[in-house]
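The values are calculated or read from the model by the stated rules, or taken from the named source; none is laboratory data. Note that the structure is predicted; figures quoted are calculated from it, not measured. Using ideal geometry, Cβ is built from the backbone for each residue, glycine included, and neighbour counts are taken over all protein chains shown.
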Amino acid sequence: MILGTPALAAAAVLGMATQITAPGDGEFKVVAPNSGVVAVHMSLLPGNKLLLSERFHEIPTEWLGPQLPNGQPNIMFNGNVDLMNFAANSPFYQPNQNLNGFLTDTAEFDLNTMNHTMVRYPAFTGDEGYAFCNGAAQMADGGIMVAGGDQKYLLMYNGQSYTTDGRRDVRIYKNGAYTKVATMAWEPPNKQFSGRWYPTVVGLPNEDVLIMGGHTIYYEPTDPRANNPTYEIYRSSGPNAGKLDAPVALDVLRESFPINMYPITYVLPGSGNLFSLAGNRSAIIDYVGKRETRLPNLPEDNIYPRSFPFAGTNFLEPLTLANKYQAKVWVCGGNTRSAKADGPQWFSNCANCLATAQCYYMEPESEAPKWTGEQMAEARSQPVAINLPDGVVAVFGGSSIGHQGGNAGIPIGGANPTQRVMFFDHREKEPARRWRLGAAAAVPRQYHGSAVLLTDGSVIIGGSDEQNFANQRANPYELRLEAFYPPYFKLENRPALDLKATPTQLGYGQKFIVPFTSDIARNISTVSMIKYGTSTHTMNIDQRMVELEVLHLSTNQMYVVAPPNANIAPPGNWMLWAVDERGAPVVQAATINLRVSNKGPDAAWDDRNDVKPDAGVGVTPDSPTPPAPWDAGTGAQVQNSALPYQRHALASTFLAGLALLAALW
Ligand SMILES: [Cu+2]
């Protein structure tokens, strides 16, 4: 048999190639000079648009004079103590018009035209507060819930005084309209201490939204009244639709005060409960039964607690069929402790604390959850992590010294920005090989940076304010948007979905067809969905990647199952991705709204069009098990859960070619 030897040799050679993502460093490019507002908060909207919000461009009190505290000339000083007029007329703020006669801190940015539109409440009654420092999450219908914010009393504008307390506001942004829908509970008698500044917002499997933690007042770490160690649930349906339940207390938040803001919180795929980490304390939260089950504390390892202002970043590893959708939470970076800062006020400022490269990961729903340590390729505080469609996680921005926080132009922390993208590939077996550095961004992003994945597979990165002066930047308000093009942008002929024929909405477990514009279905190694991102302060709680089960394929179509349930894939807008054996994702993901009520009939599939996986599938030397058999009854390939990503597809295509030659001979 003439084919035996070359086929085996080919399989062996290709099997050694464990490169399953495109090689290279990727590329950055500044794509817009003005995002409208500083992108402190960034959410992806349908139609390739972003919702952005920021802090007012106020002049810090330290700057109300012609000289800086360090004796340098104050280039922002214009003698005007009307703060909002100052900002509106500041050369550093132009051509931002968001203070021009109206109070708003929010813009919609259109990535198709690279223009922004300021977002305004339908009418400013004085009851709509400041959304800076909010928590945000995408709702089931694609609206963005923006909860909490900041308090600013007696801001002057054109001789009028405004109070703009947004700490108790619950708002929904949808189809260009921003509406206040509810007011959160507060703790009388002191109105000063109420609401949530730096909360986490989580879209729940049942379409309600949970709002958790935050402080009642701008960072007052020594005042226990600042703590708000509770969550409250916004009901999306039922008799209390549009209302908030009474707050429920959480020990994990109470005990970790004052370093407990923006708790790292994910819907767990197994139970639908929440994983939450605040400071170094973690728990599983059953918000239905109102029970809290403690998990091991994060090791201290001479690192500050991982919440604001000492946060690193966090992400969920892709949820794969191979790992049976077991969640693995990563918490990476932050700040090492310094003896200097470890006095009684250690939590207020550690401008000289070095960043750490230390990560920890945990599977909260495993039998014996524990934290395991691992080092990143570079130390960072306050970076942002993004799930890419090829299964890699890309980490952007951050600082190598100091931490989050500060007033405009007055850094209390971060300096020496880390501008190279850092890649994490969970499929690499050796921890040391999982992390590597790539290209450097043009724009530093320290405190208040943000990023989301776009539907073309690029990442848009924005924001950063306050700390830019630490690196001698003239303007503390960074308005530039920069795109990152991952290494797969170098691959030619990326596959393409037939976007006119992809579904726009799906229910859980629904079978549907993934159509391509060419006959490349057998080259596809993974089909997955990634949820639209909402990013702020190193957090991107909505974002997660879920691999989908493929039942059949023809030359140009695949027959795929939507995520099994809303615990694995909480409802909302998701991107549909398919990635070929080179690691090249489709040029444009389809957007699919996923929710229980969308469930329609399964798509029909004609078995006569099936292209069976080639003989070589699953038998390359690095594959631990032989290929899954086909089920004679249904024609479906029995899912082989031992194969996370079919890195052997290239070999199988080659083998199929040889088999075809053999047939011709
Ligand atoms: Cu902030």
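Taking residues in segment 225-242 that are in contact (Cβ under 8 Å) with a residue 60 or more places away in the chain, and partners anywhere that are among the acidic types (Asp, Glu), the pairs with Cβ atoms closer than 9 Å and at least 6 places apart or on different chains are Tyr234/Asp208; Tyr234/Asp245; Ser236/Asp141; Ser236/Glu207; Ser236/Asp208. Please specify each residue of segment 495-511 satisfying the condition of being among the polar types (S, T, N, Q) and within 12 Å of Lys599 (Cα to Cα). Of everything in segment 495-511, those that are among the polar types (S, T, N, Q) and within 12 Å of Lys599 (Cα to Cα) turn out to be Thr504, Gln505, Gln510.
If only residues of segment 516-540 that are within 16 Å of the ligand (Cβ to nearest atom) and assigned to a loop (DSSP other than H, G, I, E, B) are counted, the one that is surrounded by the most Cβ atoms within 10 Å (Cβ to Cβ) is Thr538. Of all residue pairs spaced 6 or more apart or on separate chains, those with beta-carbon atoms under 6 Å, a first member in segment 400-423 that is more than 18 Å from Ser450 (Cα to Cα) and at pLDDT below 70 and a second member that is within 16 Å of the ligand (Cβ to nearest atom) and assigned to a strand (DSSP E or B) are Ile412/Gly406. When segment 18-38 is filtered for residues that are in contact with an Asp or Glu (Cβ under 7 Å, 6 or more places away or on another chain) and either at positive phi or within 16 Å of the ligand (Cβ to nearest atom) (or both), the ones remaining, listed by number, are Val37, Val38.
Of the residues making up segment 178-215, those that are in a loop (DSSP other than H, G, I, E, B), more than 16 Å from the ligand (Cβ to nearest atom) and either within 26 Å of the chain's Cα centre (by Cα) or crowded, with 21+ Cβ neighbours inside 10 Å (or both) are Met184, Leu204, Pro205, Asn206, Glu207, Asp208. Residues that are of a type in the set (A, V, I, L, M), outside any loop (DSSP other than H, G, I, E, B) and more than 16 Å from the ligand (Cβ to nearest atom) are absent from segment 562-574.
I'm checking my understanding of the structure. Among residues of segment 275-316 that are in a strand (DSSP E or B) and among the basic types (Lys, Arg), which one is farthest from Ala351 (Cα to Cα)? Outline the logic, then answer.
From segment 275-316, those in a strand (DSSP E or B) are 275-278, 281-286, 291-295, 303, 308, 313-316; that's our starting set.
Now drop any that are not among the basic types (Lys, Arg), which leaves 281, 291, 294.
Values: Arg281: 24, Arg291: 38, Arg294: 32 Å.
Applying the filter and picking the extreme gives Arg291.
A residue that is in a strand (DSSP E or B), in contact (Cβ under 8 Å) with a residue 24 or more places away in the chain and β-branched (Val, Ile, Thr) occurs nowhere in segment 594-605. Applying the criterion of being in a strand (DSSP E or B) and in contact with a Lys or Arg (Cβ under 8 Å, 6 or more places away or on another chain) to the residues of segment 500-515, the residue that is farthest from Val611 (Cα to Cα) is Gln505.
The number of residues in segment 536-575 that are hydrophobic (A, V, I, L, M, F, W, C) and more than 29 Å from Asn609 (Cα to Cα) comes to 6. Of everything in segment 216-238 that is within 16 Å of the ligand (Cβ to nearest atom) and among the hydrophobic types (A, V, I, L, M, F, W, C), the residue that is modelled with the lowest pLDDT is Ile217. Scanning segment 543-556 for residues that are surrounded by 21 or more Cβ atoms within 10 Å (Cβ to Cβ) and among the polar types (S, T, N, Q) gives a single hit, Gln543.
Scanning segment 363-410 for residues that are on the phi > 0 side of the Ramachandran plot and within 16 Å of the ligand (Cβ to nearest atom) yields Gln382, Gly397, Gly398, Gly402, Gly405, Gly406, Gly409.
The set of residues in segment 283-314 being of a type in the set (D, E, K, R) and touching a Phe, Trp or Tyr at 6+ places or on another chain (Cβ under 9 Å) consists of Asp301, Arg306.
Considering only residues of segment 318-336 that are over 20 Å from the mean Cα position of the chain (by Cα) and surrounded by fewer than 19 Cβ atoms within 10 Å (Cβ to Cβ), which is nearest to Gln375 (Cα to Cα)? Looking at the filtered set, the residue picked out is Thr336. Based on what the data block shows, is Tyr488 assigned to a loop (DSSP other than H, G, I, E, B) and either away from the ligand (no atom under 16 Å from the Cβ) or of a type outside the set (Lys, Arg) (or both)? No; evaluated as a whole, the condition is false for this residue.
For every residue, the table says whether it meets (1) among the hydroxyl-bearing types (Ser, Thr, Tyr); (2) surrounded by fewer than 24 Cβ atoms within 10 Å (Cβ to Cβ); (3) on the phi < 0 side of the Ramachandran plot; (4) modelled with pLDDT of 95 or more.
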site: Arg433; (1), (2), (3), (4): no, yes, yes, no
site: Leu437; (1), (2), (3), (4): no, yes, yes, yes
site: His448; (1), (2), (3), (4): no, no, no, no
site: Gly463; (1), (2), (3), (4): no, no, no, no
site: Asn468; (1), (2), (3), (4): no, no, yes, no
site: Arg473; (1), (2), (3), (4): no, yes, yes, no
site: Leu481; (1), (2), (3), (4): no, no, yes, yes
site: Pro486; (1), (2), (3), (4): no, no, yes, yes
